[in-house]
Amino acid sequence: MRIVRICLGVLLLGVVSSCAFAQEPPKRKLIELGWDIPTTEYISKHWQEMEANAPFDGIIYNLVAENDEGAKVESQQLFTADPWKQEWFETCIQDLKSCKFQRYHNNFIRINFFPTPFDWTDEECWKNVCEKARICAWAARQTSGGLCFDFESYGAHMFKHDPSTGRSFDESKALARQRGAEMFGAICKEYPDVVVLCLFMNTVNFAAGRSENPDFILLDAYYGLLPSFIDGMLDVVDPATTLVEGCEDGYIMNGTAQYNRAACDILLASGPAHRLVSPENRQKYRTQVQAGFGFYLDMYANPEGHFYYRGPEPGETRFDRLMANLQAAWNAADEYVWVYGEQKSWWPPENVESDDDWESWEEALPGIRDFIFRLSNPKIAMQAFKERVVNDPNAVNLCVNGDFSDLAENGMPASWTTWQMETLPPGEFAARAGVAVLKGVRNGCFLQSIEGTPGESFLITGKMQTKGDCFGVVRARWQDSEGNWVNEELDVTIFPDYNKRDKKGYVEITGNVVVPEGARYLLLLLSASGIDSKGIVGFDDIKVYSYKKR
């Protein structure tokens, strides 16, 4: 009965969903960050090469200029006592405006909270910091970019309460909140609708957020004052501003459940992130903070035994695990996933003498470039892949007997099974002239199983013809290694374009599906439904290609 209930629900859902309309969510985006962080000068010279080698939706870059004495000043060293002048950065603006980006439309200036030692009470230093932050916002606004906050304390532990100052923890929290409001107020005044991608926010203090007494843990935590600083940001945030909790802990997450749990912990009113926000700011947090994730490529390139190492699950490769986890991060994020790498590069470092002096991420993780492109630009990537494989005689079509030319002894298409809702009047399944035919089948399908691994992408193509009052679609469903139905919420329906029929009345079917976590088999359903007992749905030339090399 279980397969009957599921198939019926799936088929009916396909009909209903074709008529449903909902507000479009924001397009999700992959953002690049790494030790290969570029300057605007480098970007202006190499943007075409960068976009070709790293098909992201945007990059995080270092805003670098020269002061009046010719010394370098940069956004990654913003927390110094020296003042800036806005005109120093005019060249940076021109660098970016000279680029004719095709992909990098979501670029962020990196601001490191990397201080030379100065106190929360140092008015002059904080005045300079706020002005520098405003200048960064001004520079981002000139190019419709955003800001990236990295709160990590690479030097002095800026956000750790220091009892030697003589201040109580409550006094330190009040100062941190004040400075957060001053700095972020300067940013929002300059650039109200800015997107600020924070590599982490309150996720770094989830242990405190889950505690009955958060301050007990925050008192001695390295980032114990960060929730207060964030509260100050929320105090003054403009209604048009978007804050992204980048969840750097995404580096070590493994599997869909962990990413989904983290997204809930970030966004739910009952989650630990909310408990670290003052009650008066929780409505702002709920409406203006997004859940995002960091993804650490080195986890999948480091040798076994390294602290940051992620190996494969049984029956898969290490790259399969990368694909599954990056897909999980992508699915769980509201809009942004930032992909971080250290030991390799996406583009040649500045002043490199030869290709032998650096290793690309594509060399270290073959296939990563195509996979990232498929995530961020699925329709374009699918069309390019289709053009490459459909007419390639060496491409492997994983769908057996997709042209329905091979018939079993009973006259049915070999390698296919059938299912029909038992409570409805029976229809007819047949193969005629190389076409799989469903006649009078109100809810039923031809089925075939294809093995896959989590994160693996498949291109599905074919043709379909309908006569009478009936409806046909192709469904992708999932089973585990034991043949149990799994991930029902991740079933995919591929609809034909009924406005584009060829001379024989066929419409084309093209779609892309990704094997979800916990699945081992793609179940391909050539489905028919409708109310006309004389309606006919015919399928032909069904092909399934894996983006992986097999």
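Here are the numbers for the structure shown:
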{"quantity": "The chain, accessible area per residue, ligands and nucleic acids excluded (1.4 Å, Å²)", "calculated": "45"}
{"quantity": "Candidate aspartates and glutamates - alpha carbon under 15 Å from Lys97, same-chain residues fewer than 8 apart omitted", "calculated": "Glu41"}
{"quantity": "Overall form of the stretch 103-208 per C-alpha gyration tensor (a/c, 1.5; a/b vs b/c)", "calculated": "prolate"}
{"quantity": "Heavy-atom accessible surface of the chain: percent carbon and sulfur, 1.4 Å", "calculated": "50"}
{"quantity": "Whole-Å distance, taken between Cα centres, linking the stretch 471-550 and the stretch 95-144", "calculated": "48"}
{"quantity": "DSSP H segments from the chain that extend 20 Å or more along their own axis, Cα-based, with Kyte-Doolittle mean of 1.6 or above", "calculated": "2-17"}
{"quantity": "Rounded FRET efficiency, nearest 0.05, which uses the C-beta distance separating Glu49 from Arg388 and R0 of 25 Å", "calculated": "0.65"}
{"quantity": "Value of relative contact order over the chain, rounded to a whole percent, pairs C-alpha under 8 Å and six or more apart", "calculated": "12"}
{"quantity": "Qualifying aspartates and glutamates (Cα of each under 16 Å from Cα of Lys534; at least 8 residues distant if same chain)", "calculated": "Glu428, Asp469"}
{"quantity": "Over 18 Å between alpha carbons, listed pairs Lys503/Lys543; Lys29/Lys284; Lys439/Lys467; Lys45/Lys344; Lys72/Lys132; Lys439/Lys500", "calculated": "Lys503/Lys543; Lys29/Lys284; Lys45/Lys344; Lys439/Lys500"}
{"quantity": "Extension gain from Glu171 to Lys97, taking 0.36 nm per residue of separation minus the Cα-Cα distance", "calculated": "22.2 nm"}
{"quantity": "Spacing of the two label points (7 Å from each Cα toward its C-beta) at Arg501 and Asp480, in nm", "calculated": "4.5"}
{"quantity": "In the stretch 283-365, the chymotrypsin sites (Phe, Trp or Tyr not before Pro) that fall in loop regions by DSSP, at most 14 other Cβ within 10 Å", "calculated": "Phe307, Tyr308, Tyr309"}
{"quantity": "Dipole magnitude of the chain, debye to nearest 20 (Cβ charges: Lys/Arg +1, Asp/Glu -1, about Cα centre)", "calculated": "2660"}
{"quantity": "Spin-label model distance (nm) - Asp403 vs Trp138, 7 Å beyond Cα toward Cβ", "calculated": "6.8"}
{"quantity": "Descending principal axes extents, the chain, alpha-carbon based, whole Å", "calculated": "88, 57, 47"}
{"quantity": "Those chymotrypsin sites (Phe, Trp or Tyr not before Pro) in the stretch 423-507 that DSSP places in a loop and that have at most 13 other beta carbons within 10 Å", "calculated": "Tyr498"}
{"quantity": "Under Karplus coefficients 6.51, -1.76 and 1.60, residue-wise ³J(HN,Hα) of the stretch 522-528 in Hz, glycine/proline x", "calculated": "8, 9, 8, 10, 8, 10, 10"}
{"quantity": "Net charge contributed by nearby residues that have their C-beta within less than 14 Å of Gln178 (K/R +1, D/E -1)", "calculated": "-3"}
{"quantity": "Solvent-free Debye scattering, log10 I(q)/I(0), computed from the Cα coordinates of the stretch 164-299 at q = 0.16, 0.18, 0.22 Å⁻¹", "calculated": "-0.83, -1.03, -1.39"}
{"quantity": "Helix-only [θ]222 nm of the chain, DSSP H runs n ≥ 4, -39500 (n - 2.57) each, per residue, nearest 500", "calculated": "-9000 deg cm²/dmol"}
{"quantity": "Charge-dipole axis of the stretch 204-359 as Lys and Arg at +1 and Asp and Glu at -1 on Cβ define it, positive-most pick from Pro303, Tyr223, Ala332", "calculated": "Ala332"}
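The values are calculated or read from the model by the stated rules, or taken from the named source; none is laboratory data. Please read these numbers as outputs of a predicted model, since none were measured by experiment. A quick note on method: Cβ atoms are made from the backbone with ideal geometry, for glycine too, and the neighbour counts reach across all protein chains shown. Areas reflect the complete protein model, heavy atoms only, side chains present, ligands, DNA and RNA absent. Shrake-Rupley method; radii C 1.70, N 1.55, O 1.52, S 1.80 Å.
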